[in-house]
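Asker: Sharing a structure with you now.
The values are calculated or read from the model by the stated rules, or taken from the named source; none is laboratory data. Everything numeric here is computed off the predicted structure, so don't read it as measured data. Here the Cβ is made from the backbone with ideal geometry for all residues, glycine too, and neighbour counts use every protein chain on show. SASA here: full protein model, heavy atoms, side chains in, ligands and nucleic acids out. Shrake-Rupley method; radii C 1.70, N 1.55, O 1.52, S 1.80 Å.
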Amino acid sequence: MIENKPSRTELSDLGEFGLINAIAKNIKLKHSSSIRGIGDDAAVVNNAGRLTIISTDMLLENIHFDLSYIPLKHLGYKAVTVNLSDIYAMNAIPKQILVSLAFSNRFSLEAIEELYEGISLACDVYGIDLIGGDTSSTVHGLIISVTAIGEAEKEDLVYRDGAKETDLICVTGDLGAAFIGLQLLEREKRIFLDNPSIQPDLGGNDYILERQLKPEAQQEIIRILKQIGVKPTSMIDISDGLSSELFHICQQSNVGCTIYEDKIPIDPQTYALAQEFNLDPTVCALSGGEDYELLFTIAISDYEKVRTVMDVSLIGHVNHVSEGKNLISSSGSSVELKAQGWNAFPKE
Ligand code: ADP
Ligand code: MG
């Protein structure tokens, strides 16, 4: 008898975005009030004329964080800010969060309180109300899931799919620091595990450590852009690395892009440490991830207004889809951009 073997697709071949596309393919929205479902930084729901923006993210111990180097208070703070980042990426203002936790009896009340100190601090800094959540147990690790809810006027919302040919590509802050911060923490952890009498040497690296352990969401730039009357044509937050996010914007907007290596903002501390680790600083910025900066495109007519905004770098322009996605290196040669962001399902 010939057995009909069911086919099996490996998630490592599909990747996280392939998997999300496979899930999205079978989802049909039933309500006209579900304005935007799967596929952007956050979902958009119409509540009697007011728009609600919703996003959720989950952090798992030993996948997204390592409690041997992130203090619980920082972890709580980070769990909130990485979610708020997705709301800002829609050009919306976050207002509420729900926090769901699962943990084992390895954690004490004091530990959970420390986590909530960080959550509450982020709520104060960003003007957010914590309005609920869920509590459950796990066999070992800690799981934190945060859902953020925001508000926006319909005309203010910015999606990933609005980039047009000739638009300029902008990025806030600097890139690659959180990734280098992680490399540093992991190196010091390895040294400590090999020889516990050696204390970690993290001195002088406050900036990059803070970028990894206590990232901020970019609330200020959203306020400034509104103030100067500039609405980005598309926007996304940089969670998986610049190139991966550029791919999302290009794919959803059906355009290509050209960015310039020497225009990518990299902090001197990131640059120096990348070299110490024998890593190319540009590659850290392109593929490192966890920067939580905003990547957005603007109409060329808005250039004069945006040029004066501190903390925003112009890194390139949008081009026709047929011209592809290009990186002009510091030496002037053009290479095809590759999306090599974080992969949730690496091969074993
Ligand atoms: P981000 O990096 O901005 O958090 P993700 O890559 O996690 O975005 O998600 C992209 C889109 O896919 C979002 O609209 C998100 O809501 C949706 N999504 C992710 N995972 C799932 C899932 N398991 N089921 C349904 N939608 C999902
Ligand atoms: Mg995002």
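Asker: Could you sort the peptides 99-105, 274-280, 158-164 by per-residue average Cβ neighbour count (10 Å cutoff), highest mean leading? Walk me through the intermediate numbers first.
Answerer: Numbers: 99-105: 16.4, 274-280: 14.0, 158-164: 21.1.
Output ranking for 99-105, 274-280, 158-164: 158-164, 99-105, 274-280.
Asker: Quickly work out the Asn195-to-Asp156 label distance, labels modelled 7 Å from Cα along the C-beta direction, and quote it in nm with one decimal.
Answerer: 5.6
Asker: Hey, if you put +1 on the Cβ of every Lys and Arg and -1 on every Asp and Glu Cβ in the chain, which of Val44, Tyr88, Leu213 ends up farthest toward the positive end of that dipole?
Answerer: Val44
Asker: Leaving out ligands, DNA and RNA, and with a 1.4 Å probe, what % of the accessible surface on region 217-264 is carbon or sulfur? Mind showing how you got there, number by number?
Answerer: Numbers: 810 of 1760 Å².
Carbon and sulfur atoms account for 46 percent of the accessible area of region 217-264.
Asker: Could you tell me which residue out of Ile53, Ser32, Ser137 lies farthest along the dipole of region 25-159 toward its positive end? Charges go on the beta carbon: Lys and Arg +1, Asp and Glu -1, centred on the Cα centre.
Answerer: Farthest towards the positive end: Ser32.
Asker: Using 0.36 nm times the number of residues separating Asp311 and Leu67, minus their current alpha carbon distance, what extension gain do you get? Intermediate values should be presented prior to the final figure.
Answerer: Values: separation 244, 0.36 × 244 = 87.84 nm, distance 3.17 nm.
Here the answer is 84.7 nm.
Asker: For region 332-339, what does the Karplus curve 6.51 cos²θ - 1.76 cosθ + 1.60, with θ = phi - 60°, yield as ³J(HN,Hα) per residue in whole Hz, taken in order and with x for Gly and Pro?
Answerer: Listing the rounded values in order: x, 7, 9, 10, 6, 6, 10, 8 Hz.
Asker: What residues of region 273-296 lie in the reach of a label at Glu186, counting those whose backbone N is under 17 Å from a point 7 Å from the Cα along Cα→Cβ?
Answerer: From region 273-296, the list is 273-291.
Asker: May I have the convex hull volume per residue, in Å³, for the Cα set of the chain? The partial results should precede the final answer.
Answerer: Values: hull volume 69.1 nm³, N = 348.
Output value, Cα hull per residue: 199 Å³.
Asker: Report the FRET efficiency, 1/(1 + (r/R0)^6), for His320 and Ser100, where r is their Cβ-Cβ distance and R0 is 35 Å, rounded to 0.05. Please list the in-between numbers first.
Answerer: Details: r = 44 Å, r/R0 = 1.26.
In this case the efficiency is close to 0.20.
Asker: Which percentage, to the nearest 5, of the DSSP beta bridges contained in region 27-156 is antiparallel? Please list the in-between numbers first.
Answerer: Values: 26 of 35 bridges.
Close to 75 percent.
Asker: Per residue, what accessible area does region 198-348 have, given a 1.4 Å probe and all protein chains present, in Å²? Walk me through the numbers on the way to the answer.
Answerer: On the way: 7420 Å² over 151 residues.
Heavy-atom SASA per residue in region 198-348 reads 49 Å².
Asker: Treating the beta-carbon of each Lys and Arg as +1 and of each Asp and Glu as -1, no other charges, what is the dipole magnitude of the chain about its Cα centre, to the nearest 20 debye? Each step should come with its number before you reach the end.
Answerer: Working: 28 positive and 50 negative charges, 212 e Å.
For this selection, approximately 1020 debye.
Asker: How big is the dipole moment of region 168-336 about its Cα centre under a simple scheme where the beta carbon of each Lys and Arg is +1, that of each Asp and Glu is -1, and everything else is neutral? Debye, nearest 20, please.
Answerer: Working: 12 positive and 25 negative charges, 96 e Å.
Here region 168-336 has a charge dipole of around 460 debye.
Asker: For the pairs Lys73/Lys95; Lys164/Lys226; Lys189/Lys263, note any where the Cα-Cα span goes beyond 24 Å.
Answerer: Lys189/Lys263
Asker: Now, a different point. From the phi of every residue in region 30-46, what ³J(HN,Hα) in whole Hz does the Karplus formula 6.51 cos²θ - 1.76 cosθ + 1.60 yield, where θ is phi - 60° and glycine or proline is x?
Answerer: Each residue's phi maps through the Karplus curve to give 8, 10, 5, 6, 7, 6, 9, x, 4, x, 10, 5, 8, 8, 10, 10, 9 Hz.
Asker: Further question: Rank-order 288-295, 133-140 by packing density, defined as the average count of other C-beta atoms within 10 Å over each peptide's residues, highest first. Can you show the working numbers first?
Answerer: Numbers: 288-295: 25.4, 133-140: 10.6.
In descending order of packing, they fall as 288-295, 133-140.
Asker: Ignoring everything except DSSP H segments at least 4 long, calculate the 222 nm mean residue ellipticity for the chain; use -39,500 (n - 2.57) per segment, divide by total residues, nearest 500. If you can, show how the numbers build up before the last one.
Answerer: Values: 10 runs with 118 residues, N = 348.
Estimated from H runs of four or more residues: -10500 deg cm²/dmol.
Asker: Restricting to the chain, compute how many DSSP beta bridges are antiparallel as a %, nearest 5.
Answerer: In the chain, approximately 80 percent of DSSP beta bridges are antiparallel ones.
Asker: Distance in nm between label sites at Glu16 and Ile300, each 7 Å beyond Cα in the beta-carbon direction?
Answerer: That separation, rounded to one decimal, is 3.5 nm.
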